[in-house]
Amino acid sequence: VEATAMQGKNQLTLTGHLGDVMKESARAALSWFRAHAAQFSVDPDFYKTSEIHLHVPSGAIPKDGPSAGVTMAVALASELTGRPVRGDIAMTGEITLSGRVLPVGGIKEKVLAARRLGIKEIILPRQNEKDVKEDLNEELRRDLTIHLVSTIDEAVLLALTAPSRAHRERRTATRVQGAVQ
């Protein structure tokens with residue numbers, strides 16, 4: 001999932017071969033981030049002057065299903081905080097407007113796909129813990145780090161790189177400037 005923010009007003013653009021469920025996930029991710037922007041040092045009014053574009057590259061394969069909410073929320077948080085998503089981590093999970101991460105199906109297949117790509121760290125819904133224990137044998141789990149999360153906040157903190165020094169300085173300057181006005 002790719003996200004970009006640009007000048008505009010209060011608009012969400014979704015592209016890629018997305019079904020209705022994925023469109024709902026994208027809207028939920030944006031609503032959740034708007035409600036929690038301040039906790040990520042993003043101006044809560046960012047959406048008044050921004051257009052958000054989420055793109056799900058899919059080739060010719062239509063995508064639908066309740067598994068992309070976490071990924072969409074992380075992509076939005078990355079774009080709006082300026083913090084890149086770690087390249088060595090995979091994630092899945094559906095989300096609610098209140099920020100809960102809901103379980104998804106196909107855990108074994110998703111973990112195997114990530115592992116085939118050389119990814120050894122995975123974010124999964126806490127409610128899928130039973131699937132991890134039952135469907136992933138010890139050998140498969142041995143060299144994996146699986147993070148079981150209950151909230152979007154947890155997933156975002158795990159998936160984004162740490163703020164750079166320049167990012168921290170920019171946030172401090174923005175807070176100081178806001179306090180002076």
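Considering the conditions (1) closer than 16 Å to Ser31 by Cβ; (2) open to solvent by 70 Å² or more (accessible area, probe 1.4 Å), Ala68 is excluded by exactly one of them, (2). Here is the figure for the stretch 82-100: residues that are closer than 20 Å to Val56 by Cα and either touching a Lys or Arg at 6+ places or on another chain (Cβ under 7 Å) or surrounded by 15 or more Cβ atoms within 10 Å (Cβ to Cβ) (or both) total 11. Residues that are modelled with pLDDT of 90 or more, touching a helix residue (DSSP H, G or I) at 6+ places or on another chain (Cβ under 8 Å) and assigned to a strand (DSSP E or B) are absent from the stretch 66-76. Cβ separations smaller than 8 Å between residues 6+ apart or across chains give the following pairs from the stretch 125-140 residues that are within 14 Å of Thr92 (Cβ to Cβ) to residues that are basic (Lys, Arg): Asp131/Lys108; Val132/Arg141; Asp135/Lys108; Leu136/Lys108.
Residue pairs whose Cβ atoms lie under 6 Å apart, sitting 6 or more positions apart in sequence or on different chains, and linking a residue in the stretch 68-93 that is at positive phi to a partner that is open to solvent by less than 10 Å² (accessible area, probe 1.4 Å), are Gly93/Val70; Gly93/Val101; Gly93/Pro125. Might you check whether a residue that is surrounded by fewer than 15 Cβ atoms within 10 Å (Cβ to Cβ), among the small types (Gly, Ala, Ser) and not in a helix (DSSP H, G or I) occurs anywhere in the stretch 16-24? Yes: one or more hits.
Based on this model, can you work out whether Gly82 counts as touching a His at 6+ places or on another chain (Cβ under 7 Å), at pLDDT 90 or above and not charged (D, E, K, R)? Criteria met by Gly82.
Scanning the stretch 80-95 for residues that are more than 11 Å from the chain's Cα centre (by Cα) and not in a loop (DSSP other than H, G, I, E, B) yields Leu80, Thr81, Ile89. Taking the conditions exactly as written (assigned to a strand (DSSP E or B), under 28 Å from Pro163 (Cβ atoms) and in contact with an Asp or Glu (Cβ under 8 Å, 6 or more places away or on another chain)), does His36 satisfy them or not? No; evaluated as a whole, the condition is false for this residue. Among residues of the stretch 103-119 being among the charged types (D, E, K, R) and surrounded by 14 or more Cβ atoms within 10 Å (Cβ to Cβ), the one that is farthest from Ser150 (Cα to Cα) is Arg115.
The values are calculated or read from the model by the stated rules, or taken from the named source; none is laboratory data. Quick caveat: nothing in here was measured; it's all calculated off a predicted structure. Note that each Cβ is placed from the backbone with ideal geometry, even for glycine, and that neighbours are counted across all protein chains shown. These area figures cover heavy atoms from the full protein model, side chains too; ligands, DNA and RNA do not enter into them. Shrake-Rupley method; radii C 1.70, N 1.55, O 1.52, S 1.80 Å.
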